[in-house]
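**Student:** Let me begin by handing over the structure; questions about it come next.
The values are calculated or read from the model by the stated rules, or taken from the named source; none is laboratory data. This is a predicted model, so every value here is computed, not measured. Counting neighbours? That spans all protein chains shown, and the Cβs are built from the backbone with ideal geometry, glycine included.
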Amino acid sequence: MGLASSQARLLSITARLSSNEYESQQISNAKMRLATQSQEASEAYIAALNDTQFSFVSYDSTGESFNTALTAATLYEYSDNKNQYILTNAAGKVLLNNTDLSNYKNSTNLDEFLSKYGITKNFKTETLKTLWNSIFNKNGNSNYLKQYDTYWAQAIENFKSSYSENTWKNDKLNAQENYLKSLSKYTALVTKKSEGEDIKNEDILLKQKTMEQNKATFTKLLSYESALESKIIDAAESNGNASSGIEELTYKQLYEGYTNYKNQIAKYNDELNELGLSANNAYKYSDTSKAQWYTNLWYKVNGPSTDKSGLDNYASFIASDGIREYADGLIPANDAKILNSTQWISNALSKGLVSIEKAEYSGDEMTLQDKANPFKFNLNGISWKGQIYSSIPDIVESDNDKAVAQAEAEYQRRTAEINAKDEKYQRKISLLDSEHNAIQTEYESVKSAMNKNMERSFKAFQG
């Protein structure tokens, strides 16, 4: 019984030793995992320390500079003390935020575009203001005269389908021949009269009238454009209805409106000449700096015209896929996140998804493009030039303090957590070591007692 009891006790102790060693091994593995976690936390912290962010340099009213995190919104937000930049995609199209896009699409000319930012024109005289409003101010004025210029051009296009250029050329040759013949007959009759022949004055006047009529007909046909215009004038005399597509106007109304438009333009120019002003200094904007900012943007998107040109040089911000082009231009997107993302613009610039351009000024004045339209300019003196973002003085690279602070807090939290677990595991290991030593001592004691018992039993059998 003693030997069997000792054997069972020894087996129990052996099982406890194995369990103790297994538990110790599990804790050792857990401590190794803690070491890995500690290394990962350290690497994340070091990565944050090495992380940098782009900042944009702006200036306050006193000229003091200050840095703000660089985002697309930072670049596009107007300030009279900052340089102006825009982003373009690989096709050279301007990336517009939703506000600027909506304002551009809903404007037919530069003045309407500027008005959407609260910018108005302050004319130097009330006469200039009144004339300008009668010609160009569409808001609240259904009879503004500029529309007749558009309708007139449209009517000319409509007549081209029924009056070809070849027909005009034949008419012009016939009219020229008739004019020259009648001129020759008139001249011959006048010559005979001067040489003493008995020529009645009534006959001379009749030849003169025929010659002048033929001259007028020929004059109308001097150019294809003038020939088409004469078609409108002829239709106006008969009060015919204007062709479809020109709203509900008779040709008479169209001709009168267009004539009035040209007369008002002439009065406006006369007023400018009398005041010694040019068309582009007849007024001042309510906010000159802001007007310049959005004028620059208009010309970049629209091309060198104050009227909507149809160039529509714009594209969209797409947050998740970088830059994606749409066939019909800019599709409005919920672009608040991408506009305010420091990460997006950093990746977009560094990966070449977008390029950056700066508005620069040469000092030249804007010049008139069309004397008949004193508000239509060619843009000289303002240009957009591509920049290498890493060499732009207004964009600086600095430590990402926010990311560092967050990483440091996370590192400290994880380190404290790891240390607490490590201390817990260490105490457990100490307890297991003590228990292991006690079990090992008990094991040796039981084994020794069992060996002595076996020796006594063998001696008994031998005796």
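**Student:** When the residues of the stretch 247-272 are filtered to those that are in contact (Cβ under 8 Å) with a residue 12 or more places away in the chain and hydroxyl-bearing (Ser, Thr, Tyr), which remaining residue is surrounded by the fewest Cβ atoms within 10 Å (Cβ to Cβ)?
**Tutor:** Of everything passing the filter in the stretch 247-272, Thr250 is surrounded by the fewest Cβ atoms within 10 Å (Cβ to Cβ).
**Student:** Which members of the stretch 148-182 meet the condition of being touching a Lys or Arg at 6+ places or on another chain (Cβ under 8 Å) and free of Cβ contacts under 8 Å to residues at least 40 places away in the same chain?
**Tutor:** Within the stretch 148-182, Tyr179, Ser182 meet the criteria.
**Student:** Can you name the residue in the stretch 75-93 that is under 17 Å from Asp312 (Cβ atoms) and modelled with pLDDT under 90 and is also surrounded by the fewest Cβ atoms within 10 Å (Cβ to Cβ) among such residues?
**Tutor:** Within the stretch 75-93, the match that is surrounded by the fewest Cβ atoms within 10 Å (Cβ to Cβ) is Ala91.
**Student:** Check off (1) of a type in the set (Ser, Thr, Tyr); (2) surrounded by 15 or more Cβ atoms within 10 Å (Cβ to Cβ); (3) not in a loop (DSSP other than H, G, I, E, B) for Tyr117 and give me the number that stays unchecked.
**Tutor:** (3)
**Student:** Take the stretch 95-105 and flag every residue that is modelled with pLDDT of 90 or more and within 8 Å of the chain's Cα centre (by Cα).
**Tutor:** Of everything in the stretch 95-105, just one residue is modelled with pLDDT of 90 or more and within 8 Å of the chain's Cα centre (by Cα), namely Asp100.
**Student:** In addition: Kindly establish whether Leu101 is crowded, with 17+ Cβ neighbours inside 10 Å and over 22 Å from Leu145 (Cα atoms).
**Tutor:** When the stated conditions are applied, Leu101 passes them.
**Student:** Sticking with this one: Here is a list of conditions, (1) modelled with pLDDT of 90 or more; (2) outside any helix (DSSP H, G or I); (3) over 17 Å from Leu95 (Cβ atoms), and Ser309 meets all of them except one; can you say which number that is?
**Tutor:** (1)
**Student:** Then there's this: Being among the hydroxyl-bearing types (Ser, Thr, Tyr), at pLDDT below 75 and part of a helix (DSSP H, G or I), is that true of even one residue in the stretch 337-349?
**Tutor:** no
To keep it simple, each residue is scored yes or no on (1) touching a Gly at 6+ places or on another chain (Cβ under 9 Å); (2) charged (D, E, K, R); (3) at pLDDT 70 or above.
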position: Ala409; (1), (2), (3): no, no, no
position: Asn419; (1), (2), (3): no, no, yes
position: Tyr425; (1), (2), (3): no, no, no
position: Thr441; (1), (2), (3): no, no, yes
position: Lys459; (1), (2), (3): no, yes, no
